[in-house]
Every structure is written in C-alpha cells, then in structure tokens.
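The values are calculated or read from the model by the stated rules, or taken from the named source; none is laboratory data. Please read all numbers here as calculations on a predicted model, not as lab measurements. In this analysis, Cβ positions are derived from the backbone assuming ideal geometry, glycine residues included, and neighbour counts consider all displayed protein chains. Remember, those area values only see protein heavy atoms, side chains included, never the ligands or the DNA or RNA. Shrake-Rupley method; radii C 1.70, N 1.55, O 1.52, S 1.80 Å.
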Amino acid sequence: MMKNVIISILMIVGLLLALCLLVAITQTFRHKTKDGYIVKFNNGFKKEKHVEMCDSFSKAYWRYVARNILDVISIVAVFN
C-alpha cells in the first residue's frame, strides 16, 4: 500500500517537472530577438518586471525552467 503511494507521488513530481521543461521551450522561443533571448519575470506581488538579456538559448531556457519550478513549488505551498 505504501509503495503505491510513493510511486504515485514520484509520478506526479515527474509529470510536473516534465511540464516545466516543455513550457520553458515555448517561453524561450517566444522572447527571441535578433540580439539574443529576453528573459521576463514579474517580481512577486509587486508590479515590477524583471527583464534580462541572454546571449544563448540554453542560458535563457534554464532560467525559465528554474522559474517555472519555483512557481510550481509556490502554488503547491499555497494550497497545502
């Protein structure tokens, strides 16, 4: 019984991680410019936007992945 619960939790975590990885691809390509990639984020509850210019796809991609994972963790924390 406990083994099934652990497997279910690991599957949910894996699914959320896969979704964060896939969504980051579209976010990165959406903000592509001729000079590089723009990484845009809102700073918490403040209405300020953080904008950063990345010269490579991988740097911008992993920043979006990290931010998406933090967003998922914060959403899970709010609902618990």
task = Describe numerically, in nm with one decimal, the distance between label points set 7 Å from Cα along Cα→Cβ at residue 32 and at residue 5.
result = 4.6 nm
remark   = In nanometres, the difference between 0.36 nm per residue of separation and the alpha-carbon distance of residue 74 and residue 53 is 5.0 nm
remark   = Rounded to a whole %, the carbon-and-sulfur portion of the accessible area of the chain at a 1.4 Å probe is 69 percent
remark   = Summed over the other residues with a beta carbon less than 11 angstrom from that of residue 37, with K and R at +1 and D and E at -1, the charge totals +3
note = In Å², rounded to a whole number, the accessible area per residue of the chain with probe 1.4 Å is 80 Å²
message = Can you pull out the chymotrypsin sites (Phe, Trp or Tyr not before Pro) in the chain whose DSSP state is coil and whose Cβ has at most 11 other Cβ atoms within 10 Å?
response = 45
inquiry  = How large are Rg and Dmax for the chain when calculated on the C-alpha trace, in angstrom?
reply    = 15.6, 54
inquiry  = Helix 57-79 against the longest principal axis of the chain: what's the angle in degrees, Cα atoms only, rounded to the nearest 10?
reply    = 40 degrees
